[in-house]
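Worksheet: the structure to be examined is printed underneath.
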Amino acid sequence: MREEDWRSLVELEHSFVGDDLFLATKDDDQEKISFDKTWANLSETVKECQKCSLCDTRNHTVFGEGDVNAKLFFVGEAPGKDEDLSGKPFVGRAGKLLTKMIIAMGLQREDVFIANILKCRPPDNRNPSSEEIEKCVPYLKRQISIIQPKILCTLGSFATKTLLEEETPISKLRGKVYSYEGVSLVPTFHPAYLLRNASMKAKAWQDLQLVMKLLDTR
């Protein structure tokens with residue numbers, strides 16, 4: 001092969017490699033733009049939501065926060081007073097305990113995603129109604145489908161029963177691994193319950209150890 005032909009072949013090969021890299025980078029950028037737009041649209045939809053009467057009494061919606069690439073997704077019940085005022089999930093006493101639980105797992109809050117079944121606070125911290133759950137849970141399910149976590153950890157009875165469509169008490173559901181839309185789900189007690197029932201913290205830690213074991217295999 002003549003030298004000029006060899007050089008042409010090498011240049012041609014390099015041009016193809018360069019194009020492939022450019023196209024891959026372009027596709028990655030487009031995917032990120034699409035994700036950001038989808039996430040922003042969902043956040044704005046939640047912010048403007050008026051599907052139930054909770055929109056009349058809330059100060060802020062609580063969309064959720066954390067790593068949108070998280071392997072672990074915590075699901076609580078509903079915002080409380082502190083969350084309603086701040087617009088952030090789990091920032092009160094129960095939230096501080098949840099943070100300690102996450103740190104004990106060797107993680108930081110920034111490593112996980114945290115959200116609730118309801119995006120608005122029920123007045124006086126009452127239990128969510130079935131209508132409120134029905135109207136609001138599609139937002140949570142959409143978040144789960146977008147983030148695609150490896151593990152869901154449901155905190156308390158309402159979160160667990162809603163995603164599993166199960167009426168069994170949390171005390172009987174915890175300690176086992178279930179599946180929600182192909183995602184492993186581990187139920188445990190709500191941090192607010194643990195503040196009132198310190199003797200249950202040992203069982204909650206067993207549940208978190210189960211989550212940690214699952215994380216190590218994913």
Practice task
From (1) under 17 Å from S43 (Cα atoms); (2) surrounded by fewer than 16 Cβ atoms within 10 Å (Cβ to Cβ); (3) charged (D, E, K, R), pick out the condition that doesn't hold for K100.
Solution key: (1)
Handout entry: Which numbered condition S199 misses (of (1) hydroxyl-bearing (S, T, Y); (2) surrounded by 19 or more Cβ atoms within 10 Å (Cβ to Cβ); (3) over 16 Å from the mean Cα position of the chain (by Cα))
Key = (2)
Handout entry: Matching residues, segment 101-121, being part of a helix (DSSP H, G or I) and touching a Pro at 6+ places or on another chain (Cβ under 9 Å)
Key = M101
Exercise for the section: Could you check V75 against (1) touching a Ser or Thr at 6+ places or on another chain (Cβ under 9 Å); (2) in a loop (DSSP other than H, G, I, E, B); (3) over 20 Å from T38 (Cα atoms) and say which number it fails? Expected result: (2)
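Being among the polar types (S, T, N, Q), touching an Asp or Glu at 6+ places or on another chain (Cβ under 9 Å) and touching a residue at least 12 places away in the same chain (Cβ under 8 Å): is that true of T160 here? Let's see the steps before the verdict.
Details: among the polar types (S, T, N, Q): yes; touching an Asp or Glu at 6+ places or on another chain (Cβ under 9 Å): yes; touching a residue at least 12 places away in the same chain (Cβ under 8 Å): yes.
So T160 passes the test.
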Practice task
Give the residues of segment 37-72 that are over 16 Å from the mean Cα position of the chain (by Cα) and assigned to a helix (DSSP H, G or I), sorted by residue number.
Solution key: K37, N41, E44, T45, K47, S53, L54, C55, D56
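Can you spot a residue in segment 103-115 that is farther than 21 Å from F90 by Cα, surrounded by fewer than 17 Cβ atoms within 10 Å (Cβ to Cβ) and of a type in the set (A, V, I, L, M)?
Initially, segment 103-115 is screened for residues farther than 21 Å from F90 by Cα, giving none.
Scanning segment 103-115, I find no residue that is farther than 21 Å from F90 by Cα, surrounded by fewer than 17 Cβ atoms within 10 Å (Cβ to Cβ) and of a type in the set (A, V, I, L, M), so the answer is no.
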Exercise for the section: For C136, state whether it is touching a helix residue (DSSP H, G or I) at 6+ places or on another chain (Cβ under 6 Å) and either under 23 Å from L215 (Cβ atoms) or at pLDDT 95 or above (or both). Expected result: no
Problem - Selection status of V91, over 18 Å from A192 (Cβ atoms) and either of a type in the set (S, T, Y) or part of a loop (DSSP other than H, G, I, E, B) (or both) - result: no
Fill in the blank from the handout: Selection from segment 145-186 of residues among the charged types (D, E, K, R) and within 20 Å of D67 (Cβ to Cβ) yields K150, E181
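The values are calculated or read from the model by the stated rules, or taken from the named source; none is laboratory data. No experiment lies behind these values; they were computed from the predicted model shown. Neighbour counts run over all protein chains shown; Cβ positions are idealised from the backbone, glycine included.
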